[in-house]
Amino acid sequence: MPFNVDLTNCDREPIHIPGQIQPYGFLIAIDNDFIIRYHSENVSDLIPGLPSLLLGKELSEVEYALSPNEPMGFISQLITFGKTTKSFEQINPFQLELDGKSYYMIIHHSDGLFVLEFEPATAETTTDMQRMIGRSISEMLADKNLQNLLNNSAEQVKKVIGYDRVMVYRFAADGHGEVVAEARNEDLESWLGLHYPASDIPKQARELYKINRTRIIADVNSNPSKIVTLASGEPQPLDLTCSQLRAVSPIHIQYLKNMGVASSFSISLMYKNELWGLIACHNYTPRYIDYKARESSKLIGQILSSALEFRQDEENQQLQDQLFASVEKLSKQMQRSNSLEDALTGDEVSILDVTYADGAILTYEGNTFKFGKVPNDDQLAGLLQWIKTDVTDTFFCTDHLSDKYAPALTYKDVASGIIVSAISKEMGEYMIWFKPEQLKQITWAGNPDKPAEIDNNGLLTLSPRTSFEAWAETVTGRSATWSNEEIKAVIRLKEELTYAINQKASAIRQLNEKLKQAYEELDTFSFTISHDLKNPISVIKSYAQLLTRDASIRPEALRVIDRIVDRADKMNHMINEVLDYSRIGRSEIDFMDVKIGPMVNDIIKDLSLVYDTTKLNVTIGETPVVKGDPVMLLQVFANLLSNAIKYSQRADPQQISIEGKATETGILYQIKDNGLGIDIKQLPRIFELFNRTDNVKDIEGSGVGLAIVKRIVEKHRGKIWVDSELGKGSTFYVEFSNPA
Ligand code: ADP
């Protein structure tokens, strides 16, 4: 059954067995016994004197016509030689004179058969070819830059084969192609930058390009010559994978015709054994180039391939170095800076420089930092939510985001491709890079409004412009791919970031540890100092008091001595307080039930000896029992109540209240006064040691009391806070947890 090829199945078309050849040459295939099994129908047209059917004949029977100037049996001997050396490389091409014309015979092996192809040898291309190629190659390699190398190669190939248009065509990972360099006659429009869908050069064609490194289509308008065979019924077609003359797929012929191309020639470009691209050459009139010229071009292709391998590796390395240099800088910034986000969002280098993305964001510790082109806030919120719930890996990368997350289609011009690197999934902290839809960046060189050349359907619509449009559809919502270099740089940055975060975390742990130590040392220090100070101060006081016994002392001096005694007392008092404070840190609590009611009564009684209580009105409410250390609890209530009375002295009447109640978590006491109140700005600091507010400067106090209270309460695993309004009064709350 012949294969009927159309646009829907051309990727399955068996193009290696077309059953026909291009008619500029002819073909004969013989078996191991030198019997002719296949030949092209055009043999007798090209070689007068040969019968039109050669099938079944021995090669020796037709050799008189195929190699009239050679000794009899010469071709058979060549084949025998090739058979024993297992290669025809040394023989190919063998030049023959046929019917007054020069021909090349090229032999290859196919499925147990020997295929002999005869094609014209054209004199013009052999002249000085060697020298020309040598010059071309040195010019080609003159430039180090990959793009210049490609441009030079296109120029040189054009010089060697004289075609109208020479393009370097590069395959992307998805199989689609792009014109990356070209050399053309001046009157032709540029096709540089055009993209073609993968189907333009289907997979099986690409496979053939890997095996056969040059391919000529001598004249798209010529009629192919059928290959006839001995076998009857449905014979096995001759495999033409390695053939020079292999006929061209009708689809491809139509494609070339629609472009106005008459001859086409291509040279395969290989990179690490894969097809990197093609040097594709078009001529608008038939232009045949013979085997030797094709081989010379093949040499250019091979040299370009190895240069490519080298330059591509070099260029990849450069890209990698560049991106890694940014990672390195960021890493240094992270080491230097206390804030990771400052380091990652610096002016000189930011996370955006780690890839070739157009935009990037960093979400860290509740903030979002944006660089370059990124989706708007709503879009980002949705995307981040999706990433949090649907992206399980800590690294995620796509060049077709809308395929996975449909809402992204609305902002494909910003984020068709993303890389997500999770700093902490739990905290929703990420680094994300964005690439726009690729199509945006590609411009059609000609007039985009010009209608496609032929408006019919099927084969006739095939043309580069319609191909471009077809390709454009396939890349909607797709970004340029993320290169290995970019991915590696992102992974490296993540490693550096993790390292920096860990370092900072352990730095914080270490700081905490140091702080604890310093705190303990300070406690011991203040305890020792206070303790040691007590003695000399007592001595000062005693000597001062001794002086007062001296009758000769003047009254003014006596007043000064009184002040010394008074100050010494005050100092003693302060030292006792500091001692108390540091003692709390050092002592263990022995929890017991403490009755607060009687304690409060005693305190009030004591305080009334110190303060004027004529206007004082004290309300004592419920006083539930508190579990704790009785001496420490006495300090708490004595301090709070004395403050309440002390700082409300000027109120008339003076209203003080205290009451406690059980809550879900423990016992809550509140001590309320209608005194001076505390400025809201100073509230947060009143529990600090030696801290006094501005409005109490003329009232006696050391600023130690509340610090002691707080320390005791916390030691009891309780809480203390205050509610106050300047000029109106204050309420202190103390909540004791109720340990079982
Ligand atoms: P002091 O010995 O100064 O009273 P405290 O540690 O007991 O030290 O209190 C610290 C500061 O808090 C006081 O100097 C005062 O400014 C403020 N303060 C404490 N209690 C009251 C209160 N009931 N009313 C107004 N201000 C208060």
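The values are calculated or read from the model by the stated rules, or taken from the named source; none is laboratory data. Note that this is a predicted model, so its numbers are computed, not measured. As a convention, Cβ positions derive from the backbone with ideal geometry for all residues, glycine included, and neighbour counts pool all protein chains shown. Surface areas here come from the heavy atoms of the whole protein model, side chains and all, with no ligands, DNA or RNA. Shrake-Rupley method; radii C 1.70, N 1.55, O 1.52, S 1.80 Å.
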Between GLN379 and GLU274, the FRET efficiency computed from the C-beta separation at R0 = 41 Å comes out, to the nearest 0.05, as 0.60
Need the full-extension length gain, TYR611 to ILE564, defined as separation in residues times 0.36 nm minus the C-alpha distance. One decimal, nm. 14.6 nm
Which Cα, out of LEU547, ASN502, ALA568, lies furthest along the positive dipole direction of region 487-624 (beta carbon charges, K/R +1, D/E -1)? ASN502
Cβ charges +1 (Lys, Arg) and -1 (Asp, Glu), total dipole of region 195-354, debye: 1020 debye
Using modelled backbone amide H atoms (1.01 Å from N, in-plane), which distant-in-sequence or interchain residues come within less than 5 Å of LYS57's amide H? ILE36
Take the residue pairs LYS672/LYS710; LYS404/LYS494; LYS646/LYS728; LYS83/LYS292 and return only those whose Cα atoms are more than 21 Å apart. LYS404/LYS494; LYS83/LYS292
GLU61 accessible area, nearest 10 Å², 1.4 Å probe? 100 Å²
Considering amide H positions built from the backbone, and no H for Pro or chain starts, which residues 5 or more places from ALA121, or on another chain, come under 5 Å of its amide H? SER102, TYR103, TYR104
For region 324-395 and region 487-550, compute the distance between their C-alpha centroids and round to whole Å. 37 Å
Modelled FRET efficiency - R0 35 Å, SER542 with GLU714, Cβ distances, 0.05 increments: 0.35
What is the pair-distance distribution P(r) of the chain, computed from all Cα-Cα distances in 10 Å bins starting at 0, with each bin given as a whole percent? 2, 10, 14, 13, 11, 9, 7, 6, 6, 6, 6, 5, 3, 1, 0, 0, 0
Where the only charges are on Cβ atoms (+1 Lys, Arg; -1 Asp, Glu), what is the dipole of the chain about its Cα centre, to the nearest 20 debye? 2500 debye
Can you give me the % of accessible surface on the chain that is carbon or sulfur? Probe 1.4 Å, all protein chains present, nothing else counted. 51 percent
Can you give me the span-like helices of the chain, meaning DSSP H runs with 24 Å or more of Cα extent along the axis and Kyte-Doolittle mean at or above -1.0? 291-336, 484-548, 555-586
Suppose every Lys and Arg Cβ carries +1 and every Asp and Glu Cβ carries -1, with no other charges. What dipole size does region 297-398 come out with about its Cα centre, to the nearest 20 debye? 160 debye
Which residue, ASN151, LEU116, GLY49, has the largest displacement toward the positive end of the dipole of the chain when charges sit on each Cβ (Lys, Arg +1; Asp, Glu -1)? ASN151
Listed highest first by mean packing, meaning other Cβ atoms within 10 Å per residue, what order do 387-396, 333-342 come in? 333-342, 387-396
Using only alpha carbon pairs under 8 Å that are at least six residues apart, calculate the relative contact order of region 211-308 and give it in whole percent. 35 percent
Going by amide H atoms built from the backbone, whose H comes under 5 Å of the H on ASP164, apart from near neighbours? HIS282, ASN283, TYR284
Can you give me the relative contact order of the chain as a percent, contacts being Cα pairs under 8 Å and 6 or more apart? 9 percent
Beyond a 18 Å Cα-Cα separation, which of these cross-linked pairs lie in this structure: LYS388/LYS425; LYS159/LYS298; LYS332/LYS435? LYS332/LYS435
Highest mean first, what order results for 314-320, 33-39, 84-90 on Cβ atoms within 10 Å? 33-39, 314-320, 84-90
The pairs in LYS627/LYS661; LYS570/LYS697; LYS534/LYS719 lying past 22 Å Cα-Cα in this model are LYS534/LYS719
Farthest toward positive dipole pole in region 227-369 [+1 Lys/Arg, -1 Asp/Glu at C-beta], among ALA343, PRO237, ALA360: PRO237
Give me the net charge for the shell around GLN147: Cβ to Cβ below 15 angstrom, other residues only, Lys and Arg +1, Asp and Glu -1. -3
Sort 712-724, 696-708, 624-636 for me by packing, meaning the mean count of neighbouring Cβ atoms within 10 Å per residue, highest on top. 624-636, 712-724, 696-708
Along Cα→Cβ, 7 Å out, is where each label goes; now give me the distance between the ones at LEU55 and ASN69 in nm to one decimal. 3.3 nm
Using the Karplus equation 6.51 cos²θ - 1.76 cosθ + 1.60 (θ = phi - 60°), what ³J(HN,Hα) coupling, rounded to whole Hz, does each residue of region 169-180 give in order, writing x for Gly and Pro? 10, 10, 8, 8, 4, 7, x, 6, x, 9, 7, 9
Can you give the accessible area per residue of the chain, in Å², using a 1.4 Å probe? 50 Å²
Whole-Hz ³J(HN,Hα) for each residue in region 217-225, computed from phi via Karplus 6.51 cos²θ - 1.76 cosθ + 1.60 with θ = phi - 60°, x for glycine and proline: what do you get? 10, 5, 7, 5, 9, 7, 8, x, 9
